Amino acid sequence: MSKYIINVSFQTRVNKTTRTLEIAESFGLGLDEKEWTLYDNLELEVKQGD
């Protein structure tokens, strides 16, 4: 049996144009860079034959 630790995250950002600023303002959205975490120390055990 093998054990794997998985960490996956990514950062997003928006190119600020007149149009994106208008849309963000209309919907109350922020345009800041953000980091999204999909897996944080996910332990995955794989047995032979899996």
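No lab work stands behind these numbers, since they all come straight from the coordinates. Quick caveat: nothing in here was measured; it's all calculated off a predicted structure. Neighbour counts are summed over all protein chains in view; Cβ atoms, including those assigned to glycine, are modelled from backbone coordinates with ideal geometry.
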20 Å reach of a label modelled at K47, 7 Å along Cα-to-Cβ, counting backbone N of segment 1-41: 1-5
Give the angle, between 0 and 90 degrees and rounded to the nearest 10, that separates the Cα long axis of helix 18-27 from the longest principal axis of the Cα atoms of the chain. 80
Please state, to two decimals, what the Cα-based radius of gyration of the chain comes to when divided by 2.2 N^0.38 Å (N = residues). 1.93
